[in-house]
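A.B. asks: My questions all concern the structure below.
Please treat every number below as a calculation from the coordinates, not as lab data. All values derive from a computational prediction rather than experimental measurement. Positions of Cβ are generated from backbone atoms using ideal geometry, with glycine treated the same way; all protein chains shown enter the neighbour counts.
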Amino acid sequence: MIIDVHTHIFPPEICQSRENFFPSESTFKLLYQSPKARLVGGQDLISAMDANGVDRAVVFGFPWTNIELSKTHNDYIMETVLKYPDRLTGLGCFDPASPGATSEAERCLSGGLCGIGELAFYQSGIDDLALEQLAPVMDMCAQRSLPVLIHTNEPVGHDYHGKTPITLSQIYGLIKRFTDNKIVLAHWGGGLFFYALMKKEVKQILKNVYFDTAASPYLYDPEVYQSAIQFVGIDKILFGSDYPLLAPKKYFSEMEQSGLTKDEIDPICGLNAKRLFNL
C-alpha cells in the first residue's frame, strides 16, 4: 500500500476565486498569488492518486489566520474524507495563534480527523510565544496518541515562497518541549535529522519524530534518502508529495535513483504511515 502523508485540498470557492482571500490572508497570497501555484479539490486529488498509483493520502488544508475560514476549510476536509473513506485520512488545520484554535482542534478530532497539521509559523518562526500557543493543541493530541504535522524548512540555501524564518534550534526546541507527542516534521525537518549522529541527547529527543519527504525534489539530491536511513532509521521516514506542488511519480523516480531497495521503499511509502496513523 502506497500512502502519501502530505497533500492539500481546497474548497471549490477558494479554488475558483483565490484572489478574494488575498487581502486578509497575506501568507496565502504569498504562496498562491501565482497562477502556477495550483489549488485542487478532493476529486482532483483522487484522480492524481489513481494516476500515480497512490492508495491512500493524508489530506489537510491551510493555516488560515481567520478561525472561521479554518472551520470552513476543515469542514470540507471532513466532508471529503467521509466521501472517500477508503482513500483519504484527514488532519485539522488552523493558525495556532488564532483565538479559538484549541476549540477548533477539539472539534476536528471529535469530528473524526486523525491528527492536526500542517501547522505553520510563516511569519514568526517557532519562538517561545508560538510554543505557548501550541501547547494546548499538542497536549490534546498527546492524550489521544495522534500525530501533529509541523511545517519546517532548512534555514540555509535559496529563498522561495513559504520559506519561514525558522531555525534548527527552534525546531529542536519544539520537539524537546513536546517529547510525548508524535510529531511529523515536513520537508525533511529542515535537515534536523543530520544531527542524529550526535552522541548525546539528540537520538532520545527524536524518538517520537518522523520526517516527511515533501518537496524533496526541489530541495535535496536523491542521496538524501540513503543519508536519512543511515542517520534516523528507515522507520522514521514518510513519503509525502506536497501534492499538488509535485506529482508522486517524481518522488518514486528519485527513490530509485538513490538506490533504495524494495524492502526500503515499502516502509517509506506506506508501512510507516500505516502504523503511525493506525490505518
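A.B. asks: Counting every Cα pair in region 1-74, what percent are over 13 Å apart?
C.D. replies: More than 13 Å apart: 68 percent of the Cα pairs in region 1-74.
A.B. asks: Could you tell me the center-to-center distance, by alpha carbons, between region 32-78 and region 155-218 in angstrom?
C.D. replies: The two parts, judged by their Cα centres, are 24 Å apart.
A.B. asks: While we're here: With the radius of gyration and the Kirkwood radius both derived from the Cα set of region 15-54, what is their ratio Rg to Rh?
C.D. replies: Rg divided by Rh gives 1.11.
A.B. asks: Now a separate question. Please find, in a Gaussian network model of the chain (springs between Cα atoms separated by less than 10 Å), the residue of F94, F21, F211 whose mean-square fluctuation is greatest.
C.D. replies: Among F94, F21, F211, the largest mean-square fluctuation in the Gaussian network model of the chain belongs to F21.
A.B. asks: Kindly put S17, S216 in sequence by how many other C-beta atoms sit within 10 Å of each C-beta, fewest to most.
C.D. replies: If I rank by nearby Cβ atoms, fewest first, I get S17, S216.
A.B. asks: What distance in nm separates the simple spin-label points at A97 and D235, each placed 7 Å from Cα in the Cβ direction?
C.D. replies: 3.8
A.B. asks: Working from the pairwise distances between different alpha carbons, so that the mean of 1/r is found and then inverted, what is region 79-149's Kirkwood radius in Å?
C.D. replies: 12.7
A.B. asks: Quote the relative contact order of the chain in percent (integer), defining contacts as alpha-carbon pairs under 8 Å separated by 6+ residues.
C.D. replies: 19
A.B. asks: Right, another one. Arrange the following residues from fewest to most other Cβ atoms within 10 Å of their Cβ: E223, E264.
C.D. replies: Ascending number of Cβ neighbours within 10 Å: E223, E264.
A.B. asks: How charged is the neighbourhood of P11? Take every other residue with its Cβ under 10 Å from the Cβ of P11, and add Lys/Arg as +1 and Asp/Glu as -1.
C.D. replies: Here the charged neighbours net out to -3.
A.B. asks: While we're on this one: Which helices count as membrane-span-like in the chain under these terms: full DSSP H, at least 20 Å along the axis by C-alpha, Kyte-Doolittle mean of -0.5 or more?
C.D. replies: Flagged H segments are 67-83, 128-144.
A.B. asks: To the nearest 20 debye, what charge dipole does region 3-276 have about its Cα centre, counting +1 at the Cβ of each Lys and Arg and -1 at the Cβ of each Asp and Glu?
C.D. replies: 380
A.B. asks: For A51 and E132, FRET efficiency with R0 = 45 Å and r from the beta-carbon atoms, rounded to 0.05?
C.D. replies: E between E132 and A51, to the nearest 0.05, is 0.55.
A.B. asks: If you filter region 167-241 for trypsin sites (Lys or Arg not before Pro), then keep DSSP loop positions with at most 13 other Cβ within 10 Å, what is left?
C.D. replies: Answer by residue number: K199, K200.
A.B. asks: Using Cβ contacts closer than 10 Å as the measure, can you line up Y160, Y32 from fewest to most?
C.D. replies: Listed from fewest to most nearby Cβ atoms, that is Y160, Y32.
A.B. asks: Give the calculated FRET efficiency between S110 and L30 to the nearest 0.05, with a Förster radius of 45 Å applied to their Cβ-Cβ distance.
C.D. replies: In this case the efficiency is close to 0.90.
A.B. asks: Could I ask something else about it? Is there a pair in K29/K250; K249/K274; K83/K163; K71/K163; K29/K274 whose C-alpha atoms are over 29 Å apart, and which pairs would that be?
C.D. replies: Violating the 29 Å limit, Cα to Cα: K83/K163; K29/K274.
A.B. asks: Mind checking the dipole of region 154-279: about its Cα centre, +1 per Lys or Arg Cβ, -1 per Asp or Glu Cβ, Debye to the nearest 20?
C.D. replies: About 540 debye.
A.B. asks: Now, a different point. Using a Förster distance of 51 angstrom, determine the FRET efficiency expected from the C-beta separation of K249 and E201, and round it to 0.05.
C.D. replies: 0.85
A.B. asks: Also, quick follow-up: Over the chain, what number does the Rg to Rh ratio reach, with both radii from the alpha-carbon atoms and Rh per Kirkwood?
C.D. replies: So for the chain, dividing Rg by the Kirkwood Rh gives 0.93.
A.B. asks: May I pose another question? Given an 8 Å cut-off on Cα distances and at least 6 residues of separation, report the relative contact order of region 1-155 as a percent.
C.D. replies: 20
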